[in-house]
Amino acid sequence: MATERTLSIIKPDATRRNLTGKINAKFEDAGLRIVAQKRIHLTEAQARTFYKVHADRPFYEELCTFMASEPVVVQVLEGDNAIAKNREVMGATNPADADAGTIRAEFAESVGENSVHGSDAPETARDEISYFFSGLELVG
Ligand code: CMP
């Protein structure tokens, strides 16, 4: 199995409810290592750039306003097949469709306020990690 890195964001609905530790316990229990981490408050402009791939979607404005509403925790997870593993641990985007035991099934409030983000492919992971972290901040 390939060791990969993926970007994870703990979103404002989760930081507001003090769920950072509970969410990260799920990642660590699944064998993912947090190799970089910081708590930041995104500006709307930063959120818009990060989610630019969704610029034409009807939920884009709501998504960017939400992501800039309160602090987030951005982090890099590392492990065997980390991109797919992270998505498995997060569960489906819409918590109504998420499997029992996943982060979104347990914690997400709605499809928009769904507690966590994770990269969806290797190229996206590279781009998303470099949006938030320099090489020097990836400490292994
Ligand atoms: P995320 O994995 O961060 O990637 C894009 C985000 O857009 C997604 O999680 C959801 O939070 C959000 N999103 C997707 N579909 C909708 C929707 N129908 N309404 C509001 N937000 C959505």
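The values are calculated or read from the model by the stated rules, or taken from the named source; none is laboratory data. This is a predicted model, so every value here is computed, not measured. Reconstructed Cβ throughout: ideal geometry from the backbone, glycine too, with neighbour counts over all protein chains shown. Quick note on the areas: whole protein, heavy atoms, side chains included, nothing else; ligands and nucleic acids left out. Shrake-Rupley method; radii C 1.70, N 1.55, O 1.52, S 1.80 Å.
In this structure, does Val35 turn out to be among the aliphatic types (A, V, I, L, M), in contact with a Leu (Cβ under 9 Å, 6 or more places away or on another chain) and surrounded by fewer than 19 Cβ atoms within 10 Å (Cβ to Cβ)? The answer is yes for Val35. Selection of segment 92-114 for residues being polar (S, T, N, Q) and within 9 Å of the ligand (Cβ to nearest atom) yields Thr93, Asn94, Ser110, Asn114. Considering every residue within segment 92-115, establish whether at least one is open to solvent by less than 10 Å² (accessible area, probe 1.4 Å), within 20 Å of Asp127 (Cα to Cα), modelled with pLDDT of 95 or more and not small (Gly, Ala, Ser). No: zero hits.
Taking Arg5, is it open to solvent by 40 Å² or more (accessible area, probe 1.4 Å), in contact (Cβ under 8 Å) with a residue 12 or more places away in the chain and part of a strand (DSSP E or B)?
yes
From the list Glu88, Glu62, Glu137, the one residue that fits, being under 14 Å from Asp13 (Cβ atoms) and among the charged types (D, E, K, R), is Glu62.
Do we have Leu42 as over 20 Å from Thr3 (Cβ atoms) and in contact (Cβ under 8 Å) with a residue 24 or more places away in the chain here? Step through it out loud before you land on a result.
Values: over 20 Å from Thr3 (Cβ atoms): yes; in contact (Cβ under 8 Å) with a residue 24 or more places away in the chain: yes.
So Leu42 fits the description; yes.
Scanning for something over 19 Å from Ala25 (Cα atoms), modelled with pLDDT of 95 or more and surrounded by 12 or more Cβ atoms within 10 Å (Cβ to Cβ), does segment 81-90 turn up at least one residue? The answer is no, given that none of the residues of segment 81-90 is over 19 Å from Ala25 (Cα atoms), modelled with pLDDT of 95 or more and surrounded by 12 or more Cβ atoms within 10 Å (Cβ to Cβ).
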